[in-house]
There are 2 protein chains.
Amino acid sequence: MKTASIVGAGLVGSLWAVYLTKAGYKVQLFERRPDIRKAEISAGKSINLALSTRGWKALDTVGVGDAVREIAIPMSGRIMHDLESNLTYQPYGKEGQAIYSVSRGGVNARMMDIAEATGQAEIFYNEKCVGTDLENGIVFLENSETGKKWEVKSDVVFASDGAFSAVRYNAMQKLDRFNYSQNYIEDGYREILLPANEDGSYKLDKNALHIWPRGRFMLIALPNEDGSFTCTLFMPFNGPNSFKTLTSKEAVDNFFQSTFPDFYTMMPNIADAWEDHPLSSLAIVRCYPWTHGKTALMGDAAHATVPFYGQGMNCGFEDCSVMWELMQKHNEDWPKVFEEYQQLRKPDGDGVQDLSLHNYYVMRDYVGDPKFLLQKKIEAHFSEKHPEKWLPLYSQVTFSHIRYSEAWKTGQKQDAIMKNVMAQFEDIENVWNSEAVENAILAELN
Amino acid sequence: MKTASIVGAGLVGSLWAVYLTKAGYKVQLFERRPDIRKAEISAGKSINLALSTRGWKALDTVGVGDAVREIAIPMSGRIMHDLESNLTYQPYGKEGQAIYSVSRGGVNARMMDIAEATGQAEIFYNEKCVGTDLENGIVFLENSETGKKWEVKSDVVFASDGAFSAVRYNAMQKLDRFNYSQNYIEDGYREILLPANEDGSYKLDKNALHIWPRGRFMLIALPNEDGSFTCTLFMPFNGPNSFKTLTSKEAVDNFFQSTFPDFYTMMPNIADAWEDHPLSSLAIVRCYPWTHGKTALMGDAAHATVPFYGQGMNCGFEDCSVMWELMQKHNEDWPKVFEEYQQLRKPDGDGVQDLSLHNYYVMRDYVGDPKFLLQKKIEAHFSEKHPEKWLPLYSQVTFSHIRYSEAWKTGQKQDAIMKNVMAQFEDIENVWNSEAVENAILAELN
Ligand SMILES: Cc1cc2nc3c(=O)[nH]c(=O)nc-3n(C[C@H](O)[C@H](O)[C@H](O)COP(=O)(O)OP(=O)(O)OC[C@H]3O[C@@H](n4cnc5c(N)ncnc54)[C@H](O)[C@@H]3O)c2cc1C
Ligand SMILES: Cc1cc2nc3c(=O)[nH]c(=O)nc-3n(C[C@H](O)[C@H](O)[C@H](O)COP(=O)(O)OP(=O)(O)OC[C@H]3O[C@@H](n4cnc5c(N)ncnc54)[C@H](O)[C@@H]3O)c2cc1C
């Protein structure tokens, strides 16, 4: 029987296991943590995530979409909360389009269940990968409870062990001519659980992603199935209004009361809950090659990104559907599959990172800029009139299967067009929805 | 007595040991290799290097300059060898200015001798650093001959263990928010020893750096004391005219005969000598922070670069003189010294890398471009007339102590000025040394 090893049974590893069982592989997954389905542990990082079109496709291709749909909450737009507690709603896409809030642990557990139920996949917990023989497909393991060291050889190895991949660090990074970078941004994040009302109902509109944009920092909230919201505060580590200034209960209390008044009303005990989740950092990790010998990196191990486009998991899931297509195309001739996988997919890994980083800067530096908001308004207006000529960048990324690298290129082109057009009209604020502006855009497009 | 550990007794480590003994430290150096003064081994990487003004200053500050002068060969300019074996000479700087060819092993050995002679420095060979407790100043070692593991604690630790620093990889890279990148360029290099004539005399002019520029690849030669030259072929790993195409003796022979005819005449047995030195890769390594707790990175461990400006060692030596000045300034208050060292020096590490990479592209893409050569000619002409207004970039980097970061900025400014000025004159080829062009540059400078 064909055998495969997967290092890391997180979101991507557990989905990829299902794919491989479907292709008839005997799959062994090695996961550093205990079984999240049994243990009272968090699945790490953000507790819930936004799942969108690319992710759904990868789930549906292998028939696990419906299992995830059962626990997915649609969010059809964002609701912005200003300093005076006023709300503004912005739909994410067209009527009927939405992104979905899903629990990391919930999705992960369902995919583990499905993989195991095939009878072809076995998950080994508390098994830390400590090294890899990339060329011979050998994974070196150490059990964190017994300390026992052992190794497993298989036909093919997939490293989906996350942003700080042990396979990448211990083996790939030692290869000659392996390009690698890890770049932290100035901001970190801390999660906060906003509980449900006593009767289990939601404290905020459930079918939206909530944002409290405050210039250099922001709070967001995504709904959970139990009526609670998982909120995340993104802000710089250092400087004025930074995590460094929020070190006492009093400071936290004052900060929330003055900066997020409506949130504070819903959660006056925020200062007590402040330390429930750790302060975490955010990095972009790029590398190349993604494959060597019998081993391939997938998901965050290949292209971890900052979460400002909500695409990290979606991109990792898309890795699975791409790898799957290439398996068919090359009839499981792995050297060929791996070579095309990395050549095809690396630009899209870079693309999703460029897009995410761009959105970080947009949120950080432009979201309050009237020029920028006007530009978005004109784009939306034009796109509505000429949907076949202009798909807004957000929709390309979130609601399409256009390659990330393509979306990023088109997005930059669109941006340049808009800057040109807006510079042509002195009174653009007044004529933004005029035919003249429309024609100017059409002219630039040709 | 104050104690210091140095990991890596290469060029920077052995020089820094001399500095520390001068400051009254008991110094222990841990070097992975055997003693190069006893063993018949190469000191790794390039066999000789170009030493210039920054390097000399760092050597002289601690009184070891004269010991190195004894083995240094001045190169006052470059001699270009074209396809027809014609030679062109370009002086590097003004009358009397030169860069110096020195043997890596020779410089290293002399500095080891001097450090040991103080009675305060001890060098441990075959001791591989396998980890570091950055905060407590503990270096973990493993003897490569006996396998014995031990550890050493000292007041302060310096990691000068090169581009693939074990301290950086095993300890720094695991710190939260440590930024890191290793980027390989498309080119690799292979060294070739061009022996002396039978009577021990040089086969080429000894007081020059020889270059055979051939567009996408080039051969260079630096003199050794024994009459030989160490030559280095830089070329892409892959593609037409790449190392990949030079895999048979016949291919090597043909390539040298047709591409470097005068070199081939001097060394018709090139194909036999081809494998004497390995094919090696070239990377830029950037990281930050450079210090943590009691530990600081110096030299290539902090800022390895590609060799196209001949500044890697010089920059590492300059790290020593900068660290030394800060030791005096802060009275050896190491936390303060380290903080200012990294803040001050990081931009210059980036600067030397930007400069080196720029020169790689220049050599690769522009060195044959008539526009580019004309620009350099105009710059040289202008600089001669207005030396106080325009110091050519090469001189800033090689013959001055201007910070690398400043030189890089000034260089970019000069480049922009030249591009502007040249665009103003349609017949620039004819009027390049005219007063009009001179005045245009002067106008741009204001
Ligand atoms: C704050 C935040 C918010 C985010 N929001 C979104 C979002 O809204 N939408 C979205 O699409 N993405 C989002 N992401 C990105 C998303 O979390 C990641 O892209 C996704 O988790 C990647 O999945 P993965 O399986 O590749 O890695 P992971 O989910 O990190 O899984 C890696 C697995 O490998 C295991 N492992 C690690 N090391 C070893 C080892 N040595 N041996 C064995 N096992 C090991 C880990 O325990 C883990 O189970 C967000 C990320 C963050 C940080
Ligand atoms: C082809 C080429 C040409 C070059 N030409 C020039 C030039 O002309 N001019 C110039 O200024 N620079 C030049 N350079 C750059 C120069 O070689 C480096 O900048 C310089 O060697 C850096 O010195 P260092 O002491 O920091 O590192 P290294 O010289 O690399 O020394 C590091 C030392 O640490 C030891 N070590 C490594 N790991 C461990 C460990 N785990 N434990 C203990 N010890 C360890 C190594 O054995 C070595 O002795 C060139 C480089 C190359 C590759």
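The values are calculated or read from the model by the stated rules, or taken from the named source; none is laboratory data. Keep in mind it's a predicted model, so treat the numbers as computed, not measured. Heads up, the Cβs are rebuilt from the backbone with ideal geometry, glycines too, and the neighbour counts pull from every protein chain shown. To get the accessible areas, we keep the full protein, side chains included, count just its heavy atoms, and leave off ligands, DNA and RNA. Shrake-Rupley method; radii C 1.70, N 1.55, O 1.52, S 1.80 Å.
Count the net charge of all other residues whose Cβ sits under 14 Å from the Cβ of A:G119, scoring Lys and Arg as +1 and Asp and Glu as -1.
Here the charged neighbours net out to -1.
Per residue Cα convex hull volume for region B:369-445, in cubic angstrom?
Given the Cα convex hull of region B:369-445, per-residue volume reads 86 Å³.
Tell me what the protein assembly as shown gives for mean residue ellipticity at 222 nm when only DSSP H runs of n ≥ 4 count, each as -39,500 (n - 2.57), the sum divided by the residue total, rounded to 500 deg cm²/dmol.
-12000 deg cm²/dmol
Any idea what the B:E70 label distances to the other copies are, label 7 Å down the Cα→Cβ vector, nm, shortest first?
8.3
Please compute the net charge surrounding B:L83, taking Lys and Arg as +1 and Asp and Glu as -1 over other residues with Cβ under 12 Å from its Cβ.
-2
Just to be sure I understand: with springs between alpha-carbon atoms less than 10 Å apart, which residue in B:A39, B:A304, B:A221 has the highest mean-square fluctuation in the Gaussian network model of chain B?
Comparing B:A39, B:A304, B:A221 in a Gaussian network model of chain B, the most mobile one is B:A39.
For region A:251-330, count all C-alpha to C-alpha pairs, find those more than 14 Å apart, and express that count as a whole percent of the total.
Across region A:251-330, Cα pairs with separations above 14 Å total 74 percent.
What figure, in Å² to the nearest 10, do you get for the accessible area of A:R214 with a 1.4 Å probe and non-protein molecules left out?
The accessible area of A:R214 comes to roughly 40 Å².
By average Cβ neighbour count within 10 Å, what is the ranking of A:132-142, B:424-434, A:263-273 from highest down?
Result, highest mean Cβ count within 10 Å first: A:132-142, A:263-273, B:424-434.
Going by a ≥ b ≥ c, the root eigenvalues of the Cα gyration tensor, does region B:348-398 fall in the rounded group (a/c under 1.5), the prolate group (a/b larger than b/c) or the oblate group?
It comes out oblate by the Cα gyration axes.
Any idea how far apart B:S248 and A:H401 come out in nm if each label point goes 7 Å out from Cα toward Cβ?
A separation of 4.7 nm, rounded to one decimal place.
Based on the Kirkwood radius over alpha-carbon pairs, what is the Stokes-Einstein translational diffusion coefficient of region B:5-129 at 4 °C with 1.567 mPa s viscosity, in µm²/s?
81 µm²/s
For A:H330, what accessible surface area do you get with a 1.4 Å probe? Give it in Å², rounded to 10.
Here the accessible area works out near 40 Å².
Would you mind listing the distances between the A:E275 label point and the same position in each other copy? Use 7 Å along Cα-to-C-beta, nm, one decimal, shortest first.
Between copies, matching label points for A:E275 lie 6.5 nm apart.
Once fully extended, how much extra length lies between B:A273 and B:E325, figured as 0.36 nm per residue of separation less the alpha-carbon to alpha-carbon distance?
14.2 nm is the gain from fully extending B:A273 to B:E325.
So what's the angle, to the nearest 10 degrees on a 0 to 90 scale, between helix B:370-385 and the longest Cα principal axis of chain B?
Computed tilt is about 80 degrees.
Quick check: net charge around A:V437, other residues with Cβ under 15 Å of its Cβ, Lys/Arg +1 and Asp/Glu -1?
Taking every other residue near A:V437 into account, the sum is -2.
What is the Å³ per residue value for the convex hull set by the Cα atoms of region A:185-280?
98 Å³
Report the relative contact order of chain A, percent, no decimals, based on alpha-carbon pairs under 8 angstrom and at least 6 residues apart.
Relative contact order for chain A comes out at 17 percent.
Suppose we look only past 17 Å in the calculated P(r) of region A:25-97. What percent of the Cα-Cα pairs does that tail hold?
When all Cα pairs of region A:25-97 are counted, 68 percent exceed 17 Å.
Identify, for chain B, the residue whose C-beta comes nearest the rotation axis onto chain A, and round that distance to whole Å.
Closest to the axis: B:S181, 2.
If you average the alpha carbon positions of region B:3-43 and of region B:170-237, how far apart do those two centres end up, in angstrom?
Answer, in whole Å: 24.
Among the lysines, which fall within straight-line cross-link reach of A:K22, defined as a Cα-Cα distance under 27 Å, with same-chain neighbours fewer than 8 residues apart omitted?
A:K2, A:K38, A:K57, A:K128, A:K153, A:K294, A:K329, A:K336, A:K346
For region B:78-234, treating each Cα as an identical point scatterer without solvent, what Debye log10 I(q)/I(0) comes out at q = 0.11, 0.15, 0.16, 0.17 1/Å?
Cα-only, vacuum Debye calculation for region B:78-234: -0.74, -1.02, -1.06, -1.09.
What gaps in nm, shortest first, separate B:P240 from its twins in the other copies when you place the label 7 Å past Cα toward the beta carbon?
6.0
Quick one: helix B:404-424 against the long Cα principal axis of chain B, what's the angle to the nearest 10°, folded into 0 to 90?
10 degrees
What does the accessible area of B:E70 come to, in Å² to the nearest 10, when a probe of 1.4 Å is used?
The accessible area of B:E70 comes to roughly 130 Å².
In the protein assembly as shown, what is the volume of the convex hull around the alpha carbon atoms, normalised per residue and reported in Å³?
216 Å³
Mind jotting down a quarter of the surface of the convex hull over the alpha carbons of chain B, in square nanometres, one decimal?
Result: a mean projected hull area of 23.4 nm².
With everything on Cα atoms, drop me the angle between helix A:11-22 and the longest principal axis of chain A, reported from 0 to 90° to the nearest 10.
Roughly 50 degrees between the two axes.
May I have the extent of the alpha carbons of region A:287-335 along their three principal axes, as whole Å values ordered from largest to smallest?
Per principal axis, max minus min of the Cα coordinates gives 37, 20, 10 Å.
Per residue of B:167-179, what is the mean number of Cβ atoms on other protein chains within 10 angstrom of that residue's Cβ?
3
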